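Report on one structure; see the data block that follows.
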Amino acid sequence: MVKDNCSLVMKILTICLLWILATGFNRPDPPHRRTFSRFLDSLCQQPGVVIKKTPGIARKEKIYPLPGGGRWDRIRDLGLVRQYYQHVATKENPFWWPRYSLLMLGTKLFATDTFAHWQEFRYVKAGKMVYGQSSFVALSAGPPDDCNGVACRTNSYPVIGMYKSDTSIYTFVNVDDVAGLNYGDFNHDGYLDFLDIESLFFNEDAEMLSRHNKKFDRHSCERGVCYKIMAVTYRKGKWERLKDRQGREYAIWLTLDDVLNPDATFKLLMSRWM
């Protein structure tokens, strides 16, 4: 009787093994074998989360000067959002004009969120989004024409959040950008979250990673290889970083196997995620 039971178990195990081999291990790739872009998709595309998306452009873009010059030299009208910018001369060099621009949604002018350079903002593919009780307008811009240094490797993603009477803006600044703007409801709390992705590691990150893994070489993080992923949420009219119960920011540290390539595989160095 015991022998019969053993034979039956062996047959079942053999059948299971043959089925696994035949189906090619039909299961998701382990994180370290996924591409970076697929990994970001897995963070953002949560089951049951439905975000209403519509294009942001309401009418054809127009650019025209303000009557009589005024404080702002020109207005760039994108329909939902208008962009104001001006030229300013200095006493030291009256011919060199640093340029500034502001964004405006309806009657809300984001005067305290001045951009240091002139950048032509466009709507992202889903320029307007609605999730829960909040709605958003999202734009993007590449490096400004007059950039130098790290600014020439930087893309900006201003996101305007609206909740009841509150309208506020948060700009995601991606240096060595390989990801664009990514969002979802990461912790399923009914509020939209956004990935904030930084290139390179600060000293405290490098020191922590060195303690976590003695083999980590802090000098190996060249441009476009090391990335830190964090999360920012817009909750009841307030932008804030997502944190765990100990008050630590959620974060993922990783290195790409190919410089500036979102379709490359990567090495997961450390994860403190939700």
Item to check | Model label zone, ARG211; criterion: amide N under 19 Å from point 7 Å along Cα-to-beta-carbon; scope the range 231-249 | outcome: 244-249
Checklist entry - Amide H of ASP177: which non-local residues (sequence gap of 5 or more, or other chain) have their own amide H closer than 5 Å, using H built in the peptide plane? => result ASN155
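Tally Lys and Arg at +1 and Asp and Glu at -1 over the other residues with C-beta under 12 Å from the C-beta of LYS128: what net charge comes out? If you can, show how the numbers build up before the last one.
On the way: positive: LYS52, LYS53, LYS125; negative: none.
Local net charge: +3.
Determine the gain in length on full extension of the stretch LYS238-ALA264; use 0.36 nm per residue of separation and subtract their C-alpha separation, reporting nm with one decimal. Spell out each step's value before the answer.
Working: separation 26, 0.36 × 26 = 9.36 nm, distance 3.49 nm.
Fully extending the segment from LYS238 to ALA264 adds 5.9 nm.
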Item to check | Least to most buried among CYS147, CYS44, CYS152 (fewest other Cβ within 10 Å first) | outcome: CYS152, CYS147, CYS44
Item to check | Within the range 253-274: backbone nitrogen closer than 12 Å to the ARG153 label point (7 Å, Cα to C-beta) | outcome: 259-260
Checklist entry - Which entries in LYS108/LYS243; LYS164/LYS243; LYS125/LYS267 show an alpha-carbon gap greater than 28 Å? => result LYS108/LYS243; LYS125/LYS267
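If you take every residue apart from VAL259 with its C-beta less than 14 Å away from the C-beta of VAL259, what net charge results, scoring Lys and Arg +1 and Asp and Glu -1? If you can, show how the numbers build up before the last one.
Working: positive: ARG153, ARG223, LYS267; negative: ASP176, ASP177, GLU222, ASP257, ASP258, ASP263.
That sum, taken over residues with Cβ under 14 Å, equals -3.
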Checklist entry - How would you classify the range 207-260 from its alpha-carbon gyration tensor, with a ≥ b ≥ c the square roots of the eigenvalues: rounded for a/c under 1.5, else prolate if a/b is greater than b/c, otherwise oblate? => result oblate
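Laboratory data are not the source of any read-out in this text; all were calculated from the coordinates shown. Quick caveat, the model's predicted, so the values are computed rather than measured. Counting neighbours? That spans all protein chains shown, and the Cβs are built from the backbone with ideal geometry, glycine included.
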